2 protein chains.
Amino acid sequence: MQPNTRRIVILGGGFGGVYTARALERALKNDPAAEVSLISKENYFTFHTMLPEVISGEIGLLDTVSPLHGLLPRTRVYVREIESVDLERKVVRLQPGFARRIHEIPYDHLVIALGNVTDFRGLPGLHEHAMSFKSLADAISLRNHLIHVLEEASVEIDPLVRRELLTFVVAGGGFSGVEVCAELNDFVRKVARERRVGRLDELRVVLLHSGERILEREVPASLGKYAEKILRRRGIDLRLNTRLVTASPAAAILSTGERIPCRTLVSTVPSAPHPLIAALDLPQNKGKITVDGQMRVTGCNDVWALGDCALIPLPSGGFAPPTAQHAVREATLLAHNILATLHGREMKTFAFAGLGKLGALGRRSAVAELMTHVRLSGILAWFAWRTIYWFKLPGFGRKVKVGLSWALDLLLPTETVQLRLNSPSALSQLHYEPGEAVFLQNDVGDAFYMILDGEVEISREDEGQPPQRLAVMRAGEFFGEMALLGRQPRSATVRALTPLTVLALRGREFHALVDHIPNLRGSIEQVMERRGAPVETGDAT
Amino acid sequence: MQPNTRRIVILGGGFGGVYTARALERALKNDPAAEVSLISKENYFTFHTMLPEVISGEIGLLDTVSPLHGLLPRTRVYVREIESVDLERKVVRLQPGFARRIHEIPYDHLVIALGNVTDFRGLPGLHEHAMSFKSLADAISLRNHLIHVLEEASVEIDPLVRRELLTFVVAGGGFSGVEVCAELNDFVRKVARERRVGRLDELRVVLLHSGERILEREVPASLGKYAEKILRRRGIDLRLNTRLVTASPAAAILSTGERIPCRTLVSTVPSAPHPLIAALDLPQNKGKITVDGQMRVTGCNDVWALGDCALIPLPSGGFAPPTAQHAVREATLLAHNILATLHGREMKTFAFAGLGKLGALGRRSAVAELMTHVRLSGILAWFAWRTIYWFKLPGFGRKVKVGLSWALDLLLPTETVQLRLNSPSALSQLHYEPGEAVFLQNDVGDAFYMILDGEVEISREDEGQPPQRLAVMRAGEFFGEMALLGRQPRSATVRALTPLTVLALRGREFHALVDHIPNLRGSIEQVMERRGAPVETGDAT
């Protein structure tokens, strides 16, 4: 690095961050004025718009993403989580990698492009059981989960469990929720038809939206109505003015009080600021960083912000909307303005009206509003959608691959490989609503439970007798050890009496602890004995 | 099902099982004599031979596999783990799915095609830290891990950690180990060159083999020597007569006593029988089920076995070797013989000499022995390898996709997307060898540790003073809570005094437990206080 080279550090690997780095790379080609670093959680850039197509497999698993190193050959890319930003010392602190040390990156100019997140914190049940849909990992996990429940439904004999397996709930009626729901609906119906997974009328796909109509912020009422008609015609059960309140492993609970038994729950809401932004001592408005028309953070000379995490004023009044097309244009301008400050040139002010809006509705249908005048729907809008986004895919190789995937998808049968990379977690947090069973008498015992919050009832039903309450347990107590220690089916049913949060420890790890830690088995057995007292057979759980 | 339809149940979705089901489907097309079920852990068939190519991304992530439903449209496919087989009651018991009930499948004829597994049980350290290479999930996990360590190496400043990150150890000198090592070597060198991840001479790839020469059981000495020459020329550090003894998170320990610091350890050995087979009361020899020349299990009328889990006598003496080409032919014959018993026709006896052997050596090189006479090596063998296996890929769609992937691989830059589907496990078992550090003073504290086996020393080094031993802890004791409770760096170093096994609980889950379970914080703090006594500042870990 030359002595007066400035260090520009970009936080975030989405549209805002990556396109800023690209613009800087181009401008700095033969200019040693600055060097650029970018910090991203993933080592690839995600072309979010096409992510829902991963669900159905219309494009390959990796077709929506491009490695950052390929896009940004002259940028130093750090693939790490950010621990914190020290605005005083002008340093970004990264979370540890293999060596457990904090890594510090000094900057002269900081660009914040962290976007937003789907945040289930403070929403008990959603945190544990709702799947989000922001990243490639989310999309692949959802796809694998769908294939899993369809496989299970094809061999399940209990009609209640089949119904749970074949019910799919999506919360959120913006572009993201609508696109996910449409793709999911197409995919599960297609697979169920091809495989004869039970009767098609057992399938149920529900879309929840808190507002009066879907896409209300995105497109005019006429297009929104059109979208609703298309979704309903495809068999989607559309619930307006309805929110998702909580969830358990086998149900979604709605603001109407209704409980929908299901094993698949996706939520694209609520959207929240990136947690790092809340922690920064920068001027903010509703979770967004306030900047001037040049995208410099109010009151700072060396901190900039763009994209979904910034509130960028438009000369026409109002603020730049959080879309990819805006982020890309903001990036170009921001790169220009940083270099302008370095070279003492004049900065430019952001002004872009937007080219239009596009939303896919699954099988050969979409809605589009172009240039604020042209409104398209149906196959024409779908064709516009594919064409426009294909041109916008970064890089030649990516375009070739997506084109080939689309072509092959027309020719070859649906691909339904379930990619299971992770074994079920050894320790997981679960949430139940009152009345729901954590497990039933005679179930296979595969986990040990610690109550974090709420109360449970332990009960037993012996043949020909009414159910008998054996005990009530509270936070700090544990249950489920007996079936594990005795390697036998559950001897009682455990139900939530209140909203309940438990930590479940898988059987294998429970045995590792009990077999190795002296006195642990003894103290668990003591508790079991104490509990056993009221019932003569001595087994409570 | 018609009243006298027989139920044929096949265990295993590898070459033996899938090709038996395919042959039965063909033969039973218009014959209601039997219906076929197949039980597989995964919902796809894996074309193992090409699995190593997934590492380098020469073929797409899913190009080596085909969904079972597509291959076997008329077979009932259960995607489940098998709990047990009851030979008396003639029932296969499946592990629970979403509903925690055992599912029972009755059979009239049982076909066992469970193959073998890589089994690290009883090998401390390998169980925790060695990656196996049997399945698609293994291949993708290894690829993602390689990309991860290369990313980290590109930003790591500590030279010792860089060396660990850039060292790759593969154990096993059979076809599988050699192919994995060759692909891994090509891939990491190519990425390191393209990305300028430090100096190329920092890269180190080690292949361990317990025998005198690699591929000793697979090909004649001349071809084995040729393969060794190729691998050495590509920079692989080949260690013959050397076994992997144990491992820790940052090292492989060899039978020579040498300790190789590394963050990547793959082992394709030891191969062991499928655990279910050991539990079956069937005649066995060295972990394989003994069958007659018709593949009927010795002494049984309704149980059959084939593939890597069966010991099939050849008329020429000896037994059928465990290769895919044998399994496929065994499958055709076995299908014929089952139907022959149903229809009272004559059975056939297995006799197949093998067509040859093929092993890839990475970049445009291979060894081949065809028809026992023709020996090929180099690019000719590589071309034979690709051609033969391409023809053997099941299904037209699969052939098209693999062909396209190979073509694109020549044209487009290396794809290096790191697919992280799973967050690090909340609870994981770790193994350390004497002298190794679990963590160092001033490290970031991110986990709580429970000792399952062995002893640790807690020590502290204050500036200008010699290291001071604070305590020794044993099985059942815990450490690491202080940095978590105080949200501060580690105040001491913890090292293994003996071979050590610990359970590590991630910080987030530790806090969930401490914050919710009454008295837990109190009792941990009591222990901390007690420990604190010998040191004045009161902090031991």
Report task. Take the alpha carbon atoms of the stretch B:138-199, find their center, do the same for the stretch B:221-249, and report the distance between the two centers in whole angstrom. Result -> 16
Query raised in the report: Exposure proxy check: A:V178, A:V456, B:V149 ranked by fewest other beta carbons within 10 Å?
Result: B:V149, A:V456, A:V178
Query raised in the report: Where both partners of a DSSP beta bridge lie in chain A, what percent of those bridges are antiparallel, to the nearest 5?
Result: 65
**Report entry** Nearby lysines by direct alpha-carbon distance to A:K288 (threshold 24 angstrom, same-chain neighbours under 8 apart not counted)
**Finding:** A:K41, A:K90, A:K134, A:K348, A:K357
Query raised in the report: What does the stretch B:118-221 give for Rg and for Dmax, in Å, if only its C-alpha atoms count?
Result: 14.9, 46
Report summary line: Summing -39500 (n - 2.57) over every DSSP H run of at least 4 in the protein assembly as shown, dividing by its residue total and rounding to the nearest 500, the 222 nm mean residue ellipticity is -9500 deg cm²/dmol
Requested in this report: Would you mind getting me the FRET efficiency between A:R232 and A:D281? Use the beta-carbon distance for r and R0 = 45 Å, nearest 0.05.
Outcome: 0.40
Requested in this report: Diagonalise the Cα gyration tensor of the stretch A:427-532 and give the resulting equivalent ellipsoid semi-axes, square root of 5 times each eigenvalue, largest first, whole Å.
Outcome: 21, 17, 13
Report task. Please state the charge dipole magnitude for the protein assembly as shown, taken about the Cα centre, from unit charges on C-beta atoms (+1 on K and R, -1 on D and E), reported in debye and rounded to the nearest 20. Result -> 3680
Report task. Any chance you could tell me what percent of the C-alpha pair distances in the protein assembly as shown go past 40 Å? Result -> 50
Query raised in the report: Which ordering of A:D302, A:D292 is given by a fewest-first count of other beta-carbon atoms within 10 Å?
Result: A:D292, A:D302
Requested in this report: For A:A437, place a label point 7 Å out from Cα along the Cα→Cβ vector, do the same in each other copy, and report the separations in nm, one decimal, smallest first.
Outcome: 5.2
Query raised in the report: Taking 0.36 nm per residue of separation and subtracting the Cα-Cα distance, what length does fully extending A:R74 through A:L411 add?
Result: 117.3 nm
Report summary line: Rounded to the nearest 5, the percent of DSSP beta bridges in the protein assembly as shown running antiparallel is 65
Report summary line: Inter-copy distances for B:D158, nm, shortest first, label points 7 Å along Cα→Cβ, are 4.9
Report task. Rounding to the nearest 20 debye, state how big the charge dipole of chain B is about its Cα centre with +1 on each Lys and Arg Cβ and -1 on each Asp and Glu Cβ. Result -> 2060
Query - Simple Cβ-charge dipole of the stretch A:427-532, Lys/Arg +1 and Asp/Glu -1, about Cα centre, in debye nearest 20 - result: 220
Query - By average C-beta atoms within 10 angstrom, highest first, the peptides B:382-388, B:430-436, A:186-192, A:161-167 - result: A:161-167, A:186-192, B:430-436, B:382-388
Query raised in the report: Which whole number gives the average, over all residues in B:92-105, of C-beta atoms from other chains lying within 10 Å of the residue C-beta?
Result: 5
Query raised in the report: Taking the alpha-carbon centroid of each part, what is the distance from the stretch A:6-62 to the stretch A:433-504 in angstrom?
Result: 49
Query - Dipole of the stretch A:427-532 [Lys/Arg +1, Asp/Glu -1 at C-beta], most positive-end residue of A:N442, A:Q526, A:M482 - result: A:Q526
Query raised in the report: Among B:L355, A:T246, A:T5, whose Cα sits farthest toward the positive end of the charge dipole of the protein assembly as shown (+1 at Cβ of Lys/Arg, -1 at Cβ of Asp/Glu, about the Cα centre)?
Result: B:L355
Query - Part-to-part distance (alpha-carbon centres) for the stretch A:505-521 and the stretch A:313-361, which is given in Å - result: 57
Query raised in the report: Put the label 7 Å from Cα along Cα→Cβ for A:L240; what are its distances to the other copies, in nanometres, shortest first?
Result: 7.8
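Computed from the coordinates by the stated procedures, all read-outs in this text should not be read as laboratory data. Quantities reported herein were computed from a predicted structural model and do not represent experimental measurements. Here Cβ is always computed from backbone atoms with ideal geometry, including for glycine, and neighbour counts include all displayed protein chains.
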